[in-house]
Amino acid sequence: MIYALFLICLIAGVPIAVAIVATLAVFMGFGEAPYALRQVATEMFKGMNSFPLLAIPLFVLAGEVMNESGITGRIIAFANVIVGRLRAGLALVNIWASVIFAGLSGSAVADTSAIGRVFIPEMEKHGYSRSFAAALTAASSVIGPIIPPSIPVIIYALIVSGVSVPALFMAGVIPGILLAIFLSIYVMLTVKIDHGDQSEGLTSQPVGAALFGGILPLLMPVFVVGSILLGIVTPTEAASFAVAYALFLGIFVYRKIRISRLPKLFAEAMRDSAIILIIIAAVSAANWVLTYNRVPNMLTDWVLGNVDSQTTFLLATMLLFLFVGLFLEGIAAMLVLVPILHPMAVGLGVDPVHFGILVIFNLMIGLITPPLGLCLFVAEGIAQVGMAKLAKAILPFFAVEVLVLVILTFVPETVIWLPRVLGY
């Protein structure tokens, strides 16, 4: 009955957090101690009662401020100078602008929204189909939560004790760049477009001005990630610095943000943060029920008794997360599955940092897979090409990302080499 109620809520379009809380309320409301309705509220509060969670609304706010301050345009101009003259130059600028933007916001949805509004119409002007431009923008935005700083990394480190945020940050650098390289190779080999594809129309800035304009935005991830790696600040403190730096650039340097706009920016950041935090609270309550009934322990014992190799476990986990990513939002899926699967991975000798990046990469691919891929919805909202057409256009990019996932899964050094070299 409980599972049926949960599925009915999801099919009816009820938000995942509300569906979980409604299901738990029914289950706990008719139970005896410790199954009491008040336990739902207690566990939801416990799930959010964590200082490191403050980093999430702060990074979301930093992304909102950067979009408003005109930083996006400077990033695009910078990427245009670097790769814009190559074959399929405008498509490459799209991809590598996402790489740079990843180091600023750590959010795939923010990346899709900010970059898509510029690139989708511009790529159409230069001969690309609108559906291809939207699909490429959504696919490249997956890089955002992989390259540091990253909101999913912070959440993963909160779920799994003993895995450090700096180690996960550094472990995401090579996978993110590797994904950008594979996407670039794909578009350079497959895009057939006339010589009118000149990305110079994207910006009229001279080369020197474009490069200089990109310096100040690019310093932000250096300061944010560098201060965390050096142990000077916590991720939450680094997130507050990111907000202050973005506000300084937007108000005093670029003068694109009016003081009167700040309340709206803060309200938008609060709304987006609330969605994430409510999911965390709801899943925390659900996890309490699972843990109390020893479900994770039973599953762990079963897997360790029947799966005797890392390869089999990693392959099964990869397929599971790809499937779950079709229907569940990435953070919700992480909160539900990671507490169960992480002990199994450790028991089989999988490096915890390696496993963490695989989980995050896996679930971020879910952002571009129908029927519930958030980045697909954002890109379609900008492109207005229809979800069926966009889903068809995204398939080759999905295949490229799965190929990169396979490489990361079975060549662990691509993930753990950099944090190991840096002493993490």
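The values are calculated or read from the model by the stated rules, or taken from the named source; none is laboratory data. Just so we're clear, the structure is a prediction, and the values are computed from it rather than from any experiment. All Cβ positions, even for glycine, are placed from backbone atoms using ideal geometry, and neighbour counts span all protein chains on display. Calculation scope for accessible area: heavy atoms of the full protein, side chains included, ligands and nucleic acids excluded. Shrake-Rupley method; radii C 1.70, N 1.55, O 1.52, S 1.80 Å.
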**Message:** Could you check the stretch 98-150 and list, in sequence order, the residues that are closer than 30 Å to PHE355 by Cβ and among the acidic types (Asp, Glu)?
**Reply:** ASP111
**Asked** On the given criteria, is ALA238 touching a Ser or Thr at 6+ places or on another chain (Cβ under 7 Å), under 20 Å from PHE101 (Cα atoms), modelled with pLDDT of 65 or more and buried (at least 16 other Cβ atoms within 10 Å of the Cβ)?
**Response** yes
**Asked** Of all the helices (runs of 4 or more DSSP H) wholly in the stretch 266-371, which have at least 1 residues that are under 27 Å from PRO57 (Cα atoms)?
**Response** 310-324, 330-347, 352-365
**Item:** Pick from the stretch 254-265, criterion in a helix (DSSP H, G or I) and hydrophobic (A, V, I, L, M, F, W, C), ranking: farthest from PRO166 (Cα to Cα)
**Value:** ILE259
**Request:** Evaluate the following for VAL81: is it open to solvent by 10 Å² or more (accessible area, probe 1.4 Å) and outside any loop (DSSP other than H, G, I, E, B)?
**Result:** yes
**Prompt:** Within the set of pairs 6+ apart or on separate chains, which have a first residue in the stretch 76-96 that is at positive phi, a second that is assigned to a helix (DSSP H, G or I) and open to solvent by less than 10 Å² (accessible area, probe 1.4 Å), and C-beta atoms under 7 Å apart?
**Reply:** ALA88/VAL187
**Request:** Go through the stretch 117-169 and count every residue that is touching a helix residue (DSSP H, G or I) at 6+ places or on another chain (Cβ under 9 Å), outside any helix (DSSP H, G or I), open to solvent by 10 Å² or more (accessible area, probe 1.4 Å) and closer than 20 Å to ALA345 by Cβ.
**Result:** 3
**Message:** I'd like the residue in the stretch 213-250 that is farther than 11 Å from PRO149 by Cβ and of a type in the set (Ser, Thr, Tyr) and, out of all such residues, is farthest from the chain's Cα centre (by Cα).
**Reply:** TYR245
**Asked** Is it true that some residue in the stretch 368-387 is hydrophobic (A, V, I, L, M, F, W, C), within 25 Å of GLY47 (Cβ to Cβ) and crowded, with 23+ Cβ neighbours inside 10 Å?
**Response** no
**Asked** Taking the stretch 128-157, which residues are under 11 Å from the mean Cα position of the chain (by Cα), over 16 Å from PRO396 (Cα atoms) and of a type in the set (Gly, Ala, Ser)?
**Response** GLY144, SER150
**Asked** Does any residue of the stretch 201-219 turn out to be farther than 16 Å from LEU61 by Cα and modelled with pLDDT of 85 or more?
**Response** no
